[in-house]
Every structure is written in C-alpha cells, then in structure tokens.
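The values are calculated or read from the model by the stated rules, or taken from the named source; none is laboratory data. This one's a predicted model, so the numbers in the text were calculated from it and none came from an experiment. Here the Cβ positions follow ideal geometry from the backbone for every residue, glycine too, while neighbour counts run over all protein chains shown. Calculation scope for accessible area: heavy atoms of the full protein, side chains included, ligands and nucleic acids excluded. Shrake-Rupley method; radii C 1.70, N 1.55, O 1.52, S 1.80 Å.
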Amino acid sequence: MRNTRKTVGEVGEFNLIDRIRKILPVSGNRDLIVDIGDDTAVIRIDRKRALLLTCDIQVEGRHFLFDRTTPYRIGRRSMAVNLSDIASMGGKPTYALVSLGLPADMPVESFHRMFEGMRDEMSVFGAYIIGGNLARTKDELVIDVTMVGEVEASRVLTRSKVRPGDRIFVTGMLGASGAGMEALRVYGKKVPRKYAELVKRHVLPSPRVEMGIRIGRSGIASGMIDLSDGVAGDLYHICEKSGVGAEIHEACLPLPEHIAEIAEKCGRSVRDIALHNGEDYELLFTVPPDVPERKIRALPGNTGVPVTEIGMIVEKRAGYRLVDALGKKTRLRPAGWDHFRKE
C-alpha cells in the first residue's frame with residue numbers, strides 16, 4: 001500500500017524520477033536510443049542522425065533572484081541551462097519552445113528584455129525559438145523551456161558506457177557558480193568588483209556547446225554529463241548507470257580565483273562549493289586509458305576552455321571516494337543540487 005503521507009519534498013528529486021520510471025510503460029520503440037534518466041532523450045531520425053530533446057524549468061526565488069539580476073540575463077540563463085544539456089550529448093541545438101508563467105504586474109519592458117536575452121543566447125549557436133505558451137501566475141516568474149537538437153547517431157554520448165580505468169575530465173573551473181551565488185547572498189547588490197566574474201558565472205552561465213560537439217566528434221569519450229547538480233552528484237549518476245565506482249583527486253580540481261575568500265565569508269569549505277553546489281554547466285567526460293594524450297590535449301582547439309583530469313573510474317566494489325593531497329581516501333557524499341531540498 002502506498003504511503004500517502006510522504007511529500008515530494010521528503011522524497012527528493014531523484015527518487016521522484018525513479019518513481020516516474022516505474023509508473024510509465026517501456027516504449028519498446030527501436031528508434032528511442034535514450035529515454036528517461038539521461039541529460040536528453042535521444043530519438044533516431046534516420047541512419048545517420050538522431051534528435052535530442054530536453055526541458056528545464058527555472059523558478060523565481062529558487063533558481064534566480066529577480067532583484068539581483070536583470071530580465072535580459074534571466075532570459076539568457078533560461079536558454080543556457082538547456083543548451084548545456086544538448087552540449088552534454090555532443091549535439092548541436094536547433095529549436096526551442098518557451099512556456100512562461102507571468103505575474104500580472106510584471107512590466108512589459110522586462111518581458112521584452114527577457115525575450116531579447118533568450119533570442120541572443122540562442123543566436124550564438126544558430127538556433128531559434130519557434131513557439132510556446134503564456135499563463136498567469138500569482139507572484140513568481142516561471143520559465144519552462146523545451147530544447148531540440150541534433151547529433152550524429154553514432155556519436156551519442158550517454159552515462160551507461162563508462163568502464164573501470166577510464167580517466168575523468170572536466171571543462172573550465174569548478175565551483176564558480178556556487179561562489180557567485182554565495183557572493184550575492186553575502187553582499188547583495190554591492191558585490192566587490194573582484195568577485196564580478198564569479199557572480200557572472202552564476203547569473204549568466206556559458207554552455208559548453210562547442211566543446212560538447214568537439215568531444216563528441218573526437219570519438220574518444222566513453223561518457224559525458226553536464227554539471228548542473230555538482231560534480232559529486234553528477235558523476236554519481238554516471239556511476240549508477242554504468243555500474244562502476246570513482247575516485248576524485250581533490251588536489252586536481254580546477255578552482256576559480258577568489259573561491260577560498262568567498263568560502264571563508266559564507267562559512268563553507270572550498271571543497272563543498274566545488275563538489276556539491278551545482279549550476280557550473282561545465283562538462284564532465286570520461287576517456288578510456290588507451291586514448292593517446294595528444295588527442296585529449298587537442299580537444300579545446302581555439303575555444304580557450306581548459307580541460308583538466310580530476311580522477312579515475314574504478315570497480316564498483318572500490319566505492320565512490322575523494323582522495324586528498326596526502327592520498328587518503330574518504331567516502332564521497334554524492335549529494336548535489338536537489339530542486340526539492342530546503343534552503
């Protein structure tokens with residue numbers, strides 16, 4: 001018998017996803033390459049191409065603070081988080097549908113600027129908004145985006161083909177968005193200029209679409225995921241799907257400038273922000289051990305985005321661990337961002 005007293009907040013986001021999987025029937029369609037449980041659904045179009053489908057919702061007060069950013073940046077951010085999912089599959093974004101829940105007292109100028117931001121974020125990648133829906137909400141702005149993309153069917157990167165011995169890499173810096181969020185909480189609108197880049201990484205993330213395409217086309221990656229929930233949480237999703245364990249080397253984590261200062265001011269550790277905060281929208285990918293080093297070094301090309309090795313996939317029985325600078329191994333808590341977690 002069902003326990004009707006539990007709330008969705010008590011169960012949590014990923015348990016809810018597991019429940020959805022059990023409720024819904026299995027498709028049985030051979031053209032459905034990837035379904036529930038990855039960054040995007042993947043449907044075969046023809047022998048060479050596959051369609052990518054993803055959606056993401058942004059809620060005022062939960063994902064962004066209207067009074068600490070701008071409508072234009074909110075628009076760009078709402079597209080960026082979906083573009084990141086397309087990037088994680090090595091795909092190219094094509095179209096989007098936008099559904100908005102709008103409070104009646106929202107200024108028309110803010111509405112206008114928000115759509116300009118959406119348009120500009122999409123245009124960087126030659127993609128377009130082609131429809132959507134509008135509805136009224138009581139107080140909060142709600143933005144729900146469905147993104148469509150394409151990828152070569154033979155180049156789809158999922159979470160389920162990673163094997164022990166694979167090396168773990170990330171793009172960019174870790175913890176920048178989390179540090180930016182904490183800077184806003186500490187300083188409000190008067191954030192010191194030296195933290196401006198951290199704040200920008202939080203309010204206006206840069207989806208690694210070009211890097212995702214480069215990694216996919218290189219053919220060297222065994223799996224990939226975008227870092228929306230935090231390294232510890234997202235890497236664990238890969239481990240669960242592939243039936244493996246992992247070790248992350250703390251000394252190898254690429255950290256942004258000033259993150260230690262922000263960590264001290266907000267009473268958190270640098271490790272916690274870098275591993276558990278989420279919303280960096282970088283890419284984490286794995287590479288088999290026999291891939292030549294020159295191919296890995298060639299991945300960034302002229303993008304200017306660094307690629308850093310942070311650990312290794314291990315046998316499942318070896319566990320999920322963090323290795324400190326002295327080589328001591330401790331259990332890594334796989335918790336990351338959860339939409340239903342209380343602040």
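Take the residues in the stretch 76-129 that are open to solvent by 50 Å² or more (accessible area, probe 1.4 Å) and in a loop (DSSP other than H, G, I, E, B); name whichever of them is nearest to Arg44 (Cα to Cα).
Val124
Conditions tested, residue by residue: (1) in contact with a Gly (Cβ under 9 Å, 6 or more places away or on another chain); (2) under 17 Å from Thr146 (Cα atoms); (3) loosely packed, with under 14 Cβ neighbours inside 10 Å.
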position: Phe14; (1), (2), (3): yes, no, no
position: Arg30; (1), (2), (3): no, no, yes
position: Asp39; (1), (2), (3): no, yes, no
position: Ile43; (1), (2), (3): no, yes, no
position: Lys48; (1), (2), (3): no, no, yes
position: Leu53; (1), (2), (3): yes, yes, no
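So Val34 ticks every box in (1) over 15 Å from Lys241 (Cβ atoms); (2) open to solvent by less than 80 Å² (accessible area, probe 1.4 Å) but one. Which box is left unticked?
(1)
Spot the failing condition for Val162; the list is (1) assigned to a loop (DSSP other than H, G, I, E, B); (2) open to solvent by 10 Å² or more (accessible area, probe 1.4 Å); (3) among the aliphatic types (A, V, I, L, M); (4) in contact (Cβ under 8 Å) with a residue 60 or more places away in the chain, and only one is missed.
Failed condition: (2).
Taking only the stretch 278-315 into account, find how many residues are within 19 Å of Ser177 (Cα to Cα), open to solvent by less than 20 Å² (accessible area, probe 1.4 Å) and of a type outside the set (D, E, K, R).
Selection size over the stretch 278-315: 6.
Within the stretch 264-276, does at least one residue satisfy the condition of being closer than 21 Å to Lys329 by Cβ, open to solvent by 20 Å² or more (accessible area, probe 1.4 Å), assigned to a helix (DSSP H, G or I) and small (Gly, Ala, Ser)?
Checked the stretch 264-276: no residue is closer than 21 Å to Lys329 by Cβ, open to solvent by 20 Å² or more (accessible area, probe 1.4 Å), assigned to a helix (DSSP H, G or I) and small (Gly, Ala, Ser).
Can you tell me which residue among Val170, Val203, Val156 is of a type in the set (A, V, I, L, M, F, W, C), touching a Ser or Thr at 6+ places or on another chain (Cβ under 6 Å) and either at positive phi or surrounded by fewer than 23 Cβ atoms within 10 Å (Cβ to Cβ) (or both)?
Values: Val170 fails: either at positive phi or surrounded by fewer than 23 Cβ atoms within 10 Å (Cβ to Cβ) (or both); Val156 fails: touching a Ser or Thr at 6+ places or on another chain (Cβ under 6 Å).
Result: Val203 is the single residue among Val170, Val203, Val156 that is of a type in the set (A, V, I, L, M, F, W, C), touching a Ser or Thr at 6+ places or on another chain (Cβ under 6 Å) and either at positive phi or surrounded by fewer than 23 Cβ atoms within 10 Å (Cβ to Cβ) (or both).
Could you list, in sequence order, all residues of the stretch 46-72 that are at pLDDT 90 or above and assigned to a helix (DSSP H, G or I)?
Residues satisfying the conditions are Pro71, Tyr72.
Search the stretch 303-322 for residues that are in a strand (DSSP E or B) and pair each with any residue that is hydroxyl-bearing (Ser, Thr, Tyr) and buried (at least 18 other Cβ atoms within 10 Å of the Cβ) when their beta-carbon atoms are under 7 Å apart and the residues are at least 6 apart or on different chains.
Short answer, once both residue conditions are applied: Val307/Thr171; Ile313/Thr286; Tyr320/Tyr236.
Please determine, by comparing only the residues of the stretch 219-232 that are farther than 20 Å from Leu83 by Cβ and of a type outside the set (A, V, I, L, M, F, W, C), which one is least open to solvent (accessible area, probe 1.4 Å).
Per the criteria, the residue is Ser222.
Ile213 fails exactly one of the following numbered conditions: (1) open to solvent by 10 Å² or more (accessible area, probe 1.4 Å); (2) in a loop (DSSP other than H, G, I, E, B); (3) not charged (D, E, K, R). What is the number of that condition?
The single condition Ile213 does not satisfy is (2).
May I ask you to verify whether Ile143 is open to solvent by 50 Å² or more (accessible area, probe 1.4 Å) and in a strand (DSSP E or B)? Break it down stepwise before answering.
Working: open to solvent by 50 Å² or more (accessible area, probe 1.4 Å): no; in a strand (DSSP E or B): yes.
No: the conditions fail for Ile143.
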